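J.: One structure follows; several queries about it will come next.
The values are calculated or read from the model by the stated rules, or taken from the named source; none is laboratory data. Quantities reported herein were computed from a predicted structural model and do not represent experimental measurements. Cβ atoms come from the backbone with ideal geometry, glycine included; neighbour counts cover every protein chain shown. What goes into the accessible areas is simple: the full protein's heavy atoms, side chains included, and nothing from ligands, DNA or RNA. Shrake-Rupley method; radii C 1.70, N 1.55, O 1.52, S 1.80 Å.
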Amino acid sequence: MCIRDRSTGLQVMEWARRSRAQSRTRLGSWFKLAILLLFLSAAAVLIYVGLAGIQGASEPSTRTPEALIRRADAIKHPQPTVAIASTAAPTKDSRALELILMATQRPKAPVDAEGHHLSLDATFRAAVAAADDELDQAQTEGFPENMAHRSAWLRMVESLDGYEPPYSGTGVVICGGGPVYFSSALVAALLLRKLGSNLPIEIWHSAGEAPSEPMQRAVAGFEIKFMDGTEGVSAAGKMGERHQGKKFPLKSIALVYSRFEHVLFLDADNFVGEAPDQLFKCKSYKETGAVFWPDFMPLEDNGIWEVMGLKYSPGIAQESGQLLINKGVHWRALMLAAYMNLRHEFYYQLVVGDKDTFQFAWRALSSHFHMVEHPTGSAGSYDSHGFGGHTMVQHHPQGGRPIFFHRNLAKFPSGLKPKKSLRGRDRTWTQIVECVPADPQDLGACVSLHSWTGGLIRWSPENDRAKRTEDAFVKAAGIDLERSVLSLFRQLAKLPEYQEYAKQLLGEGPRGTYRQTCRGCHTVHAEDGADEFGCECEGLSLIHISEPTRLLSISYAVFCLKKKKKKIKK
């Protein structure tokens, strides 16, 4: 009995020992499992935090200098998919082939949720909105102003991917409306018809400047249509705001929304010396798809280069009173220029009005353009101060003959009623002055001959950098343009529809007369802070705004005030 009990006790003790050993083993396993789970959890947290950090930093990283360069490279003008012989200067055939490929190999247009193609208006608005969102976010995160605006316009262009614009045909776009520019714009259009141009014409205006229905019907037979430039883009920009007396955004918006694929743009006060139809066949247009004309002064080295992602290189400023553009090739650059003008509160601090927004948009996207090499001339007449130029003379891309006469000073007023006879003393286009720089590479040579007196550009005979040549206007232009223009103003004034509309346009104020005599010229300080050069002129009440210029770092404007007659006491 004792032995059995002892044996049983030993068995119990052995079982207890084994149980304790198994418990320790199980506890060790659970402990190891807990440690493993803890390690895995910590690793998961670290991985999550790391990924979150990367994800959170991904958006700002698109605005670093390196990222901006990569984004800019990605949106630059697409290269053709077939090989073209690489040369220092593209040949006519190779460049023409490249343009054809760029125009035909467009991506398919994006569609909405229902499969409908997005309209030009919807696409442009969405791109502008995306740019504004990008700018707001970049500014919120404290990015430098120039970098933020650069990221914004890049986002605008990136948002255009997959779009195919609906442009077709060839035509002329003119901007002009309201009491200052309507009559001049209409005469510029009628002059095209008088010179034999068959191109359809669109005259674009701002809100509230549409001519009366009878007035529109009266000229419809000349294939002239009036277009409102504010309706389609009211959500994209503040078109009604004025800068230095101008509604600059209207020009680029008209070009974007015009139906034409091949377009010649003209300012309202730009008169052609010959039918411009053949310009679309010139070599420079076929090879580049865009022809621009120069201003007097060279480009400045300022912040616009950084904003557009460019390194400064010497060049001539652009004069945008006339533009020749193949929109089928350059629609993205054109929309970028339009965006810059819509956001003029920033960009006009770096460029003068809309002028250079076009060439900088083209430069930013590495798009080809041809800048006419012939320096800008000046047309005008002699007064007591000598020759006074009020009209920019631009030249044909081939041959260099004068073709555009942009009357950016001393404009023709609406309501003008010239007399039937044009006396010699009443002529304002008597001479054309041209500049011949001693060194063609000296881009500031011609402007060194300029000075301002009486609200007009005066030309010194010569200096060590340039000299001037002079010829009679009719001989140099090959046309008595002043007689043709005044004849159209006179015929227009006889139309009952125009007479009625002129009453609405000008109110009860006095009508303009030709060859105003101006005196008492002086500089005044405008409300917007810009200096304006003004004169008292007889017989004219309309304000005449000049194209802004940075000559002598002053923005000039010419305006005329009707001189009040003193009552004679009896």
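J.: For the stretch 336-356, which positions are within 14 Å of K251 (Cα to Cα), modelled with pLDDT under 95 and touching a helix residue (DSSP H, G or I) at 6+ places or on another chain (Cβ under 7 Å)?
T.: A338, Y339, M340, N341, L342, H344, D354
J.: Now for a separate question. Report every pair of residues separated by at least 6 positions or lying on different chains whose Cβ atoms are under 9 Å apart, first residue within the stretch 173-193 and over 12 Å from S484 (Cα atoms) and modelled with pLDDT under 95, second among the charged types (D, E, K, R) and in a helix (DSSP H, G or I).
T.: That search, which allows pairs on different chains as well, returns C175/K251.
J.: Would you be able to tell me the number of residues in the stretch 272-294 that are among the acidic types (D, E) and buried (at least 17 other Cβ atoms within 10 Å of the Cβ)?
T.: First, the residues of the stretch 272-294 that are among the acidic types (D, E): 274, 277, 287.
Right, trim to buried (at least 17 other Cβ atoms within 10 Å of the Cβ) and you get 274, 287.
Summing the residues that are among the acidic types (D, E) and buried (at least 17 other Cβ atoms within 10 Å of the Cβ) in the stretch 272-294 gives 2.
J.: Helices (runs of 4 or more DSSP H) wholly in the stretch 304-392 with at least 1 residues that are under 30 Å from I432 (Cβ atoms) and open to solvent by less than 10 Å² (accessible area, probe 1.4 Å) - which ones?
T.: Per the criteria, 355-364.
J.: Of the residues E231, E261, E241, only one is closer than 30 Å to Y347 by Cα, surrounded by fewer than 21 Cβ atoms within 10 Å (Cβ to Cβ) and either at pLDDT 95 or above or of a type in the set (F, W, Y) (or both); which? Walk me through how you get there before you give the answer.
T.: Values: E231 fails: either at pLDDT 95 or above or of a type in the set (F, W, Y) (or both); E241 fails: either at pLDDT 95 or above or of a type in the set (F, W, Y) (or both).
Answer to the selection: E261.
J.: Within the stretch 410-457, count every residue that is in a loop (DSSP other than H, G, I, E, B) and over 27 Å from D301 (Cα atoms).
T.: Let us first name the residues in the stretch 410-457 that are in a loop (DSSP other than H, G, I, E, B), namely 410-423, 427-430, 438-445, 454-455.
Then keep just the ones that are over 27 Å from D301 (Cα atoms); that gives 410-423, 427-430, 454-455.
Here the count works out to 20.
J.: Quick check on my filter: what residues within the stretch 165-193 are surrounded by fewer than 17 Cβ atoms within 10 Å (Cβ to Cβ) and on the phi < 0 side of the Ramachandran plot? Steps first, please.
T.: Here is the first cut: in the stretch 165-193, the residues surrounded by fewer than 17 Cβ atoms within 10 Å (Cβ to Cβ) are 166, 168-170, 178.
Once the filter is applied, which keeps residues that are surrounded by fewer than 17 Cβ atoms within 10 Å (Cβ to Cβ) and on the phi < 0 side of the Ramachandran plot, the stretch 165-193 yields P166, S168, T170.
This table checks each residue for (1) modelled with pLDDT of 90 or more; (2) under 18 Å from Q431 (Cβ atoms); (3) open to solvent by 30 Å² or more (accessible area, probe 1.4 Å).
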residue	(1), (2), (3)
I479	yes, yes, no
E482	yes, yes, no
L488	yes, no, no
L495	yes, no, yes
K503	no, no, yes
T513	no, no, yes
C518	no, no, yes
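J.: Examine the stretch 429-436 for a residue that is under 21 Å from P294 (Cβ atoms) and open to solvent by 50 Å² or more (accessible area, probe 1.4 Å), and state whether such a residue exists.
T.: Within the stretch 429-436, one or more residues are under 21 Å from P294 (Cβ atoms) and open to solvent by 50 Å² or more (accessible area, probe 1.4 Å).
J.: Now for a separate question. Somewhere in the stretch 99-114, is a residue at pLDDT 85 or above, part of a helix (DSSP H, G or I) and out of contact with any strand residue (DSSP E or B) (no Cβ under 6 Å at 6 or more places or on another chain)?
T.: no
J.: Just to be sure, is A472 in contact with a Lys or Arg (Cβ under 8 Å, 6 or more places away or on another chain), at pLDDT 90 or above and exposed (fewer than 15 other Cβ atoms within 10 Å of the Cβ)?
T.: On the way: in contact with a Lys or Arg (Cβ under 8 Å, 6 or more places away or on another chain): no; at pLDDT 90 or above: yes; exposed (fewer than 15 other Cβ atoms within 10 Å of the Cβ): yes.
So A472 fails the test.
J.: Output the residues belonging to the stretch 441-492 that are without any contact (Cβ under 8 Å) to a residue 40 or more places away in the chain and among the charged types (D, E, K, R).
T.: D442, E462, D464, R465, K467, R468, K475, D480
J.: Restricting attention to the stretch 189-200, does a residue exist that is more than 18 Å from S258 (Cβ to Cβ), under 22 Å from the mean Cα position of the chain (by Cα) and assigned to a helix (DSSP H, G or I)? Don't jump to the end; show me each part of the working.
T.: Within the stretch 189-200, the subset more than 18 Å from S258 (Cβ to Cβ) is 190-191, 193-196.
Filter once more, so that each one left must be under 22 Å from the mean Cα position of the chain (by Cα): none.
No - not one qualifying residue is present in the stretch 189-200.
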